[in-house]
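Here is the structure we will look at.
The values are calculated or read from the model by the stated rules, or taken from the named source; none is laboratory data. In this text the structure is predicted, and so the values were computed from the model without any measurement. Every residue, glycine as well, gets a Cβ built from its backbone with ideal geometry; the counts of neighbours run over all protein chains shown. These area figures cover heavy atoms from the full protein model, side chains too; ligands, DNA and RNA do not enter into them. Shrake-Rupley method; radii C 1.70, N 1.55, O 1.52, S 1.80 Å.
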Amino acid sequence: MNEPEQWRRAAVIAGVLGDRFSKANISAACMGGHFVAMMMLAFGGGLLIVPAAIIHGLAWGVRGPLMMA
């Protein structure tokens with residue numbers, strides 16, 4: 001899967017969530033995801049790098065398009 005495809009999927013997910021829930025609540029949940037991922041990186045061992053990157057990427061992928069909407 002190439003990068004433009006990933007952005008399209010993230011935009012669709014963010015759009016569906018944005019239609020169903022408050023933009024402020026989704027943004028707060030995404031910021032919580034950023035926080036959890038950063039704490040995993042700061043205090044976790046080497047095995048937590050990949051899950052932290054996935055959580056951070058999902059939070060960024062949802063929050064980014066939502067802020068542009």
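Numbers at a glance
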{"item": "Test: residue in region 52-65 that is touching a Cys at 6+ places or on another chain (Cβ under 9 Å) and among the β-branched types (Val, Ile, Thr)", "result": "yes"}
{"item": "Close pairs from region 19-38: first under 9 Å from His56 (Cα atoms), partner modelled with pLDDT under 90 and open to solvent by 30 Å² or more (accessible area, probe 1.4 Å), Cβ under 7 Å, at least 6 apart", "result": "Cys30/Arg63; Gly33/Leu58"}
